[in-house]
1. So what is the 222 nm mean residue ellipticity for the chain from helices alone, if each DSSP H run of at least 4 adds -39500 (n - 2.57) and you divide by all residues, rounding to the nearest 500 deg cm²/dmol?
2. So how much slack lies between residue 215 and residue 192, counting 0.36 nm per residue of separation and subtracting their Cα-Cα distance, in nm?
3. Using a basic spin-label model with each label point 7 Å from the Cα along Cα→Cβ, how many nm lie between residue 40 and residue 71?
4. Arrange the following residues from fewest to most other Cβ atoms within 10 Å of their Cβ: 81, 165, 173, 107.
5. So, with +1 on the Cβ of K and R and -1 on the Cβ of D and E, and no other charges, what is the size of the charge dipole of the chain about its Cα centre, to the nearest 20 debye?
6. Quick one: P(r) of region 90-215 from all Cα-Cα pairs, 5 Å bins, percents rounded to integers, in order of increasing distance.
7. On a C-alpha basis, how far is the centre of region 171-208 from the centre of region 1-54 in Å? Whole number, if you could?
8. Say we join alpha carbon atoms closer than 10 Å with springs in a Gaussian network model of the chain; which of 98, 33, 155 then has the biggest fluctuation?
Amino acid sequence: MKVDAVLFDLDGTLADTAPDLALALQAVRDPGLPPLAVADVRKATAVGTEALLSLGLGMTPRDDLYEKTRTAFLDHYHRLIGQATVLTPGMAMVLQVLAAQGLPWGIVTNKPEALARRVIKALGLEDASACLVGGDTAARPKPHPDPLLCACQRLGLEPGRCVYIGDDSGDIIAARRAGMPALAAAFGYASAQEAQSWGADGLLSAPGDLLAFLL
C-alpha cells in the first residue's frame with residue numbers, strides 16, 4: 001500500500017485512554033458504588049461520551065441532569081488526562097519506524113480537539129504528530145468524512161494518498177466516504193470479530209502489522 005501519510009484514530013487505536021476515562025466516570029458516580037471495570041469502559045469509549053454516561057450512571061440525553069453531568073464528567077477528564085493513559089503496546093515502535101521512513105502521521109478523532117491535544121501532550125507526541133483533527137474541528141464528526149478531509153487539507157494531500165487506521169465501524173465508514181483506504185485495528189476497543197465485519201482494506205491484529213502494509 002503506497003501512501004504519503006498515516007492517520008490514526010486516538011482512543012483505542014493510537015492510545016489506551018480508557019483508564020483515565022474510567023477515573024473521570026467514577027468521579028461523577030455515587031462514592032459508594034464500586035469502580036467500573038476498565039474493560040467495560042473500553043467498550044463504551046469506542047462509542048463516545050453518551051455510552052460512557054449510560055454505562056456509569058444509566059443516563060441518557062433525555063435526562064434532566066444529563067448536560068450538567070456530562071459537563072462535570074468532561075471537566076474531571078480534563079483534569080485527569082495523563083494519569084493512566086498510555087500508548088497502545090507496540091505503537092511506539094510503529095511511530096519510530098514511520099519517523100525513520102519520513103512518513104508523516106496524524107490523528108483524527110471524535111474526541112473534542114482540546115481534550116485530544118491534552119492527551120497527545122501527556123504522551124509526549126505533540127511535536128511528532130503532523131496534524132490533529134478533533135470531533136469539533138470540522139463541521140461534522142465521524143462517520144462523516146469531514147474530519148478526514150480536513151486532515152488531508154492540512155497535510156496538503158489527496159485522500160487517496162493517506163490511510164486511516166481505526167477501531168470502530170464509524171472510522172471505516174468515514175474513510176470510505178472520504179475516498180481513503182482504511183485498516184481496521186482489531187487490537188482496539190472493538191472485538192476482532194467486529195473488526196472483520198467492517199469491510200476495511202485490511203485487518204491489523206497488532207500495531208506492528210501496519211508496517212507490513214506500508215513498507
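1. On the way: 10 runs with 93 residues, N = 215.
Estimated from H runs of four or more residues: -12500 deg cm²/dmol.
2. Details: separation 23, 0.36 × 23 = 8.28 nm, distance 2.36 nm.
Gain in length upon complete extension: 5.9 nm.
3. Roughly 2.8 nm, to one decimal.
4. On the way: 81 23, 165 29, 173 18, 107 26.
Ranking 81, 165, 173, 107 by Cβ neighbours within 10 Å, fewest first, gives 173, 81, 107, 165.
5. Details: 18 positive and 24 negative charges, 44 e Å.
With Lys and Arg at +1 and Asp and Glu at -1, about 220 debye.
6. Percent of Cα pairs in each bin: 2, 11, 20, 24, 24, 15, 3.
7. Rounded to whole Å, the Cα centres lie 18 Å apart.
8. 33
Where a number appears in this text, it was derived from the coordinates with a stated rule and is not lab data. Since the structure is predicted, the reported quantities are computational estimates derived from the model, not experimental observations. So basically every Cβ, Gly included, is an ideal-geometry build from the backbone, and we count neighbours across all protein chains shown.
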